[in-house]
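Following: one structure in structure tokens, then a few remarks.
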């Protein structure tokens, strides 16, 4: 490399490090810090283009899609390419180094981390999952009451019709049709499957013994069952299939409702039936976040509390703490610090659109500490 090239590379690295300092100051959430960070970023956009690839969770995908154009205004030299491929792919690609950021609704287990040392699981926000259905003749304004135990029996094939006594007993006064139940599950490695099967494991002993939980599981052999790829695939298939029941990430709730699917009220650990609203998701989070360890890998499923919604979780960025070079490391750090800031990616304008909650004030420092481990 000639002296001019070396000088150019040093200048780029220095500019990016200065830019990082500006973004880090954004975390004190003051307007002046935010403005200062923006000025620093704008000053150094000519430092050189950085390309970041994100892939994984289809639950996180709509949020990344809304982040990309917004972040372009903060760091116009950073080009982010998001892809909704399923959490399993996100974990795999980030672990192998194929992408800089993997998105996942599931945290990596000890075995996965042992095979991929140096991988961080960084919560970016809190999300939820709802149970959707396509029941012929049922008004869309009606929210069926369902329990984890009954849903598990539907997916196990033990409850075969919508007017089965177990479902009818939970929904007195609602006339349900004698229509075959069609369980719809994810075919790809999915964080949504991880969440759903955890809830099933927590509420049904047969499921806990024979199926258990994971991003991929051996689904019960049910003749009517169907599989789809991604949350978008599940919503489309369920909306086209009378009698279907499916689990859907909450960032796809508006789309699912628009396509005519119904939304269940789920029984929580306290025996109350609740919808996934900002209040019920927050209630569940408040019961669980105190147990969050330093590495932030924890299940938030089936929280106690009368108002708690039973299927919530952290949405994770899966990132290798050792990036290919200092410039890439700085760009990844800047993006993630912006993403978890209430002045950046955790703004209500982003969170409300996908029905997420921002990171709690007590958790954001843990994510920030993990982000600051990323080096080039």
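Computed from the C-beta positions of residue 142 and residue 322, the FRET efficiency with R₀ = 41 Å rounds to 0.20.
Computed from label points 7 Å out along Cα-Cβ, the spacing between residue 209 and residue 65 is 4.3 nm.
Between region 300-376 and region 116-190, what is the C-alpha centre distance in whole Å? Between the Cα centre of region 300-376 and that of region 116-190, the gap is 28 Å. Computed extension length for residue 160-residue 174: 3.2 nm, one decimal, from 0.36 nm per residue of separation with the Cα-Cα distance subtracted. Fully extending the segment from residue 149 to residue 347 would add 67.7 nm, taking 0.36 nm per residue of separation and subtracting the current Cα-Cα distance. Ordering of 108-118, 290-300 by packing is 290-300, 108-118, highest average first (other Cβ atoms within 10 Å, averaged per residue). The simple spin-label model puts a point 7 Å past each Cα toward its Cβ; for residue 114 and residue 278 those points are separated by 4.4 nm. Taking the C-alpha atoms only, the angle from helix 326-340 to the longest principal axis of the chain is near 50 degrees. For region 97-138, the convex hull drawn through the C-alpha positions has a volume of 142 cubic angstrom per residue. Using R0 = 22 Å, the C-beta based FRET efficiency linking residue 229 and residue 258 works out to 0.65. Across the chain, the relative contact order, built from alpha-carbon pairs under 8 Å that are at least six residues apart, equals 23 percent. For region 251-376, the C-alpha radius of gyration divided by 2.2 N^0.38 Å, with N the number of residues, is 1.21. Only Cα sites of the chain enter the Debye sum here, all with the same form factor; the resulting log10 I(q)/I(0) across q = 0.14 1/Å is -1.11, listed in q order.
Across region 129-291, Cα pairs under 8 Å and at least six residues apart give a relative contact order of 35 percent. Fully extending the segment from residue 291 to residue 372, taken as 0.36 nm per residue of separation minus the present Cα-Cα distance, adds 27.0 nm. Peptides 263-273, 343-353, 121-131, 240-250, ordered by how many other C-beta atoms sit within 10 Å of their residues on average, highest first, read 121-131, 240-250, 263-273, 343-353. Cβ-to-Cβ counts within 10 Å put 182, 222 in ascending order as 222, 182, the fewest first. Per the Cα gyration tensor, region 129-291 maps to an equivalent ellipsoid with semi-axes of 21, 19, 17 Å, ordered largest to smallest.
Only the coordinates and a few stated rules stand behind these numbers; no lab work does. If you're wondering where the values come from, they're calculated on a predicted model, not measured in any experiment. Glycine gets a Cβ as well: all are built from the backbone with ideal geometry, and neighbour counts include every protein chain shown.
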